[in-house]
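Participant: Got a structure for you, written out below as structure tokens; questions coming shortly.
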Amino acid sequence: MIYLVGVGPGDPELITDKGKRLIESADIVVGWGSVVERFSNIIKGDIVKLEYKSEREQLDNVIDKGRTQKVVILDHGDPSVSDWQFIEKIKERCRIRDLPLEITPGVSSLNYALSREGIDMATIIFFTLHVRGDVNKYLEQAVEISRIGRTIALIPEPYADGPSRVAKYFLSKGIKFRAVVYQRLSYPDEKREEFLDEDLANTLEKFSDLTFMFIYPLQRH
């Protein structure tokens, strides 16, 4: 059987008890290296570290093994938040093979960031740019939402200038805003910074690939 487990945003203590038990009892544990390594002290089965260049073949192989072995695939954060492209690859492979898939949720970076900001999910609109392909359609939707004054919670592209790219796009559409940028949420070196729009657009700071941001519009357009 195949299990997909959300393991939280970084701090290994944020995993659920059920998620931890699944990892401990797995025949095979699968995931990106930085995710799997968080739980190396409790993994008893074989480990498969995914690599972008061979991801397709690796997923085919481990899901085939799910016919006779307990395969646990680890997902950063929560499988239902911001990772649909990866999750759909797993779902499709399970459907083709008629294999059951059980999903165990986890603490997402969205949940964690909201707790840090002290705001409710019902007061924001969430977008992610941590996807493969063109992100402009998501940015345009975020801009349109911000025009009515709603706060935008957003995961930028995982580049050193990811938050700056977002700021430049919003400014190009005439949106003035204040931003809060979090880096490496729940890790010991977690960082929070506040920026005005032009300061974020022009900063030379190199951001982590684990970055989350809030955009607070300063006026309606």
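Participant: Can you go through PHE177, PHE170, PHE195, PHE212 and tell me which one is at pLDDT 95 or above and closer than 25 Å to ASP78 by Cα?
Facilitator: The conditions single out PHE212.
Participant: Would you point out which residue out of VAL48, VAL135 is in the same structural domain as LEU22 (by TED's automatic domain parsing) and either farther than 25 Å from THR16 by Cβ or surrounded by 14 or more Cβ atoms within 10 Å (Cβ to Cβ) (or both)?
Facilitator: That would be VAL48, the only listed residue that is in the same structural domain as LEU22 (by TED's automatic domain parsing) and either farther than 25 Å from THR16 by Cβ or surrounded by 14 or more Cβ atoms within 10 Å (Cβ to Cβ) (or both).
Participant: With modelled with pLDDT of 95 or more and either out of contact with any Phe, Trp or Tyr (no Cβ under 8 Å at 6 or more places or on another chain) or not small (Gly, Ala, Ser) (or both) as the only criterion, which of ALA142, ALA201, ALA160 stands out? Walk me through it before giving the result.
Facilitator: Working: ALA142 fails: either out of contact with any Phe, Trp or Tyr (no Cβ under 8 Å at 6 or more places or on another chain) or not small (Gly, Ala, Ser) (or both); ALA160 fails: either out of contact with any Phe, Trp or Tyr (no Cβ under 8 Å at 6 or more places or on another chain) or not small (Gly, Ala, Ser) (or both).
Just one listed residue meets the conditions, ALA201.
Participant: So in region 51-91, with the set limited to residues that are farther than 16 Å from VAL5 by Cα and among the basic types (Lys, Arg), which one is surrounded by the most Cβ atoms within 10 Å (Cβ to Cβ)?
Facilitator: Applying the filter and picking the extreme gives LYS65.
Participant: I'd like the full set of residues that are assigned to a strand (DSSP E or B) and either β-branched (Val, Ile, Thr) or out of contact with any helix residue (DSSP H, G or I) (no Cβ under 7 Å at 6 or more places or on another chain) (or both), limited to region 125-147. Can you show your working first?
Facilitator: Of all residues in region 125-147, those assigned to a strand (DSSP E or B) come to 125-128.
ILE125, THR128 - these are the residues of region 125-147 that are assigned to a strand (DSSP E or B) and either β-branched (Val, Ile, Thr) or out of contact with any helix residue (DSSP H, G or I) (no Cβ under 7 Å at 6 or more places or on another chain) (or both).
Participant: Could you check how many residues of region 170-189 are surrounded by fewer than 17 Cβ atoms within 10 Å (Cβ to Cβ) and over 23 Å from SER109 (Cβ atoms)?
Facilitator: Final tally of qualifying residues: 5.
Participant: Select from region 24-33 the residues that are free of Cβ contacts under 8 Å to residues at least 40 places away in the same chain and loosely packed, with under 14 Cβ neighbours inside 10 Å and list them in ascending order. Quick ask: steps written out before the conclusion?
Facilitator: Narrowing region 24-33 to residues free of Cβ contacts under 8 Å to residues at least 40 places away in the same chain: 24, 33.
Listed by number, the list holds a single entry, GLY33.
Participant: Would you list the helices (runs of 4 or more DSSP H) that sit entirely within region 25-116 and hold 2 or more residues that are over 22 Å from the mean Cα position of the chain (by Cα)?
Facilitator: The helices (runs of 4 or more DSSP H) meeting that bar are 55-65, 84-97.
Participant: Same structure, new question: Collect the residues in region 89-113 that are in contact with an Asp or Glu (Cβ under 7 Å, 6 or more places away or on another chain) and more than 30 Å from THR68 (Cβ to Cβ), keeping them in residue-number order.
Facilitator: VAL107, SER108
The values are calculated or read from the model by the stated rules, or taken from the named source; none is laboratory data. The structure presented is a predicted model; accordingly, all values stated were derived computationally and were not measured. Glycine also receives a Cβ, built like all others from the backbone with ideal geometry; neighbour counts cover every protein chain displayed.
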